[in-house]
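The structure appears right after this line, and notes come after that.
The values are calculated or read from the model by the stated rules, or taken from the named source; none is laboratory data. Please read these numbers as outputs of a predicted model, since none were measured by experiment. Because the Cβ atoms are built from the backbone with ideal geometry, glycine has one as well, and the counts that use them run over all protein chains shown. Remember, those area values only see protein heavy atoms, side chains included, never the ligands or the DNA or RNA. Shrake-Rupley method; radii C 1.70, N 1.55, O 1.52, S 1.80 Å.
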Amino acid sequence: MSACSPNFTYTGGERPVSVAVRDALAPQFSVVPATRARTLRRTWLDTFDWRLHRAGLTLECVAGHGPAKLVLSGTAGGQITATVNGTRWPVLAEGLPRGPLQDRLKGLTSVRALLPAAKAASTVSEFRLCNTDDKTVAWLTVDLLHPAQPSAVDPPARLSLTAVRGYQAQADRIAQCLAAQPGMFRGAPPPLDAVLATAGHAPGEYTNKVDVELSATMPARAALAAVLLRLLDTLEANVAGTIRDIDTEFLHDLRVAVRRTRTALKLGAALLPDGLAPEYQPEFKWLGDLTTPTRDLDVHLLGFAAAAAELTSADPADLAPFHDYLTQRRITEQRRLARALRSAHFTTLTAAWRSTLTALPPQRRGPDAAHAAARIIGRAHRRILARGGAIGPDSPPEQLHDLRKRCKELRYALEFFASLHDLSAHRRAVRELKGLQDCLGTYQDGEVQQQEIRAIAADLLASGVPATALLAMGDLASHVGQREREARSEFSSRFAAFASPEARARFEVLTASAHS
Amino acid sequence: MKIVATYNIKGGVGKTAAAVNLSYLAAKDGQRVLLADLDPQAAASFLFRVRPRVKGGGTALVRGSRDLDKAIKGTDFDGLDLLPADFTFRNLDLILDTTKKPTQQLARLLRPLRTSYDVVFLDCPPGISLLSEAVLHAADLVLAPIIPTTLSLRTLDQLTEFISGLDGHRPALLAFCSMIDRRKRLHKEIAERLPTERDDVAVTAIPALSVIEQMAVRRAPVTAFAPRSAASRGYAELWAEVRALLS
């Protein structure tokens, strides 16, 4: 077999595809079944945020006769395969069979688990297409996909034509005959797209970004409601994964959606009906606080290997009791979090919030989205300049922590209204802010982590762990402290850059563009 | 890439049947195989249902104005391709004679295919000619079917002498008894005796069976349409001997 000719889809309805092919090709070519139809079970895998799809890759687990096989294909047509030995989904890339496929996926998926994106049975039949000498000039593969979800309608039959070497001209003729057949169309979407489409979905649907399209002239209240609804979608999309503890990023995205919601309620309170923001702010604070212990432990555990590698006077293995302690505490905190997310309190909150947002009354004489965005961003920016300017070398840590929160508010406000701004102006402003945020983040995380290490060390001491573990934790704390001090000394120059006339001008352009 | 030529000075001894069936078995073994039908009678091309026609004919192929690669056709079997014969191949001697170093020309033409194929079978026409010299120069192994008669044995000696008289590269030789008529005592005696007397004769012998003649009706290797027949078992054993020699 040689060059692959165009694919086809057949939507002919009552006439079976094999009959349609015979009708299309007679009398020049005959259609001979080459093998018995075989059924394969196909499971497409990706991370919840579609990292493989975004990288132009498709990962599929194909099971039929013999052991199941993982097939990773790229848009360029290359494939890497691996035999699956009892792997269950979801799984982190570390849990895949070792080899080139795992190597390719490790860096890409990082902390995200691979989980089934779609499932289908695939009935594959092969036909020989012969000329008048009964010589095979092309092979035709017919693939009938049956999506796993019971209510789904089967996607159209998929046909792929492959010319036998030296018979490209005849294969082209066959392709022309097929294309002329009623119900036969050239081209076929990738099988994953076809299966997802039967349920009204598409690959790459989920993103944790606030990707709402606002218009400058729409009422600000409607714009804010659209943002809040989008955040609620993200929040709800991550609940099941957080409860099942599939990977740490479900909780991360859920937590970010909650924080963004709280910021939107705070900065946009005046745009909402009286009393709405004060009613829901405590509810979302409850939700945010609920997620904090597990997330803090995730941060510790995710950075554990890197932190252990930095130890200078202790052996990384000495940290085992500390790691066990964190893991055990995480199990407890995760259970508590899952219970809360299954509670009536939580489900009532999200249901009530959605119905409130979808039924918001229009605001009389309210501002448009562009004016509101400019006002909110401008105010958040000025607040950072004022509070950051008041921080000196002797200012207490709380002042820097407060400034970090204000920076997050500005960052979120920029994200909410991004669709109103010129993209490059938006990116420049975010880049300006990000430098300051990173510095403040390192500083605060360092301080929090040091306090936690000290508190845990006290607990472990009481439970009689070896002294080597405590010494290693001390070593760890000293490295964290070093990073914290570096961030603190870096702050003044970072803030000076953010508050410089050039940087201010970049924000002014942004708020001005909101008016246009 | 190993090159095996099915060749004998005599005609009608089972060269094409051997080339077709061993090519099929090699491909079934997972090797990437090309069968080049150099015989203008085009029997191998007929058996694989490929029309015996090459654009530009033998002249274009030998002089290199048409890539060998572009003349190759896929057969109905995975891993097995065919360079079809063309009626102009009757003049291959004359065409070769117009090239520089004609005995090396076939080897030169096949060289670019070495990354595409593991084994190339050359199904040759009978006779001793410039083409024969070019084939022997290109081949790693000459597989010579012989009918077990006294005259055929004389031909085998002539072939052995011919190969040993070649300058430079000399291929290995493996003869095998072919078309054995079990009713003839002489056939049986020679077929049994010959492998014990000569190192260059295969242990396997291929009997004359009607199922082998059926290939022309079925237009497929007997090893494909009757894989459990005595003929197929014989070819499988012969392929095992050839494969061992090639490795």
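Values computed for the structure shown
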| quantity | calculated |
| --- | --- |
| Rounded accessible area of A:ASP245 (nearest 10 Å², 1.4 Å probe) | 60 |
| Under 12 Å, Cβ to Cβ, from B:GLY64 - net charge with Lys/Arg +1 and Asp/Glu -1 | +4 |
| Loop-located trypsin sites (Lys or Arg not before Pro) in segment A:165-239, at most 12 other Cβ atoms within 10 Å (DSSP) | A:LYS209 |
| Segment B:22-149: C-alpha gyration tensor shape, a/c 1.5 cut-off, then a/b vs b/c | rounded |
| DSSP-assigned coil residues among trypsin sites (Lys or Arg not before Pro) in segment A:1-83, each with at most 14 further Cβ atoms within 10 Å | A:ARG36 |
| Heavy atoms of A:TYR412: accessible area, 1.4 Å probe, square angstrom to 10 | 20 |
| Under Karplus coefficients 6.51, -1.76 and 1.60, residue-wise ³J(HN,Hα) of segment A:288-301 in Hz, glycine/proline x | x, 4, 4, 8, 4, x, 5, 5, 4, 5, 4, 4, 4, 6 |
| Cleavage-rule hits, chymotrypsin sites (Phe, Trp or Tyr not before Pro), segment B:1-104, DSSP coil, Cβ neighbours within 10 Å at most 12 | none |
| Proximal charge balance of A:GLN482 [Cβ under 12 Å; K/R count +1, D/E count -1] | -1 |
| 5 angstrom amide H check on B:ILE206, placed H, neighbours 5+ away | B:CYS177, B:SER178, B:MET179, B:ILE180 |
| GNM result for chain B, Cα springs below 10 Å: residue of B:LEU106, B:LEU35, B:LEU151 fluctuating most strongly | B:LEU151 |
| Residue-averaged 222 nm ellipticity for the protein assembly as shown, from DSSP H runs of 4+ at -39500 (n - 2.57), nearest 500 | -16500 deg cm²/dmol |
| Per-selection Rg to Rh, segment A:326-455 - Cα, Kirkwood hydrodynamic radius | 1.07 |
| For A:479-490, mean number of other protein chain Cβ atoms within 10 Å | 0 |
| Given charges at Cβ of Lys, Arg, Asp, Glu: chain A dipole, positive-most of A:LEU326, A:LEU254, A:LEU400 | A:LEU254 |
| Relative contact order %, segment A:223-264, counting alpha carbon pairs below 8 Å whose residues are six or more apart | 46 |
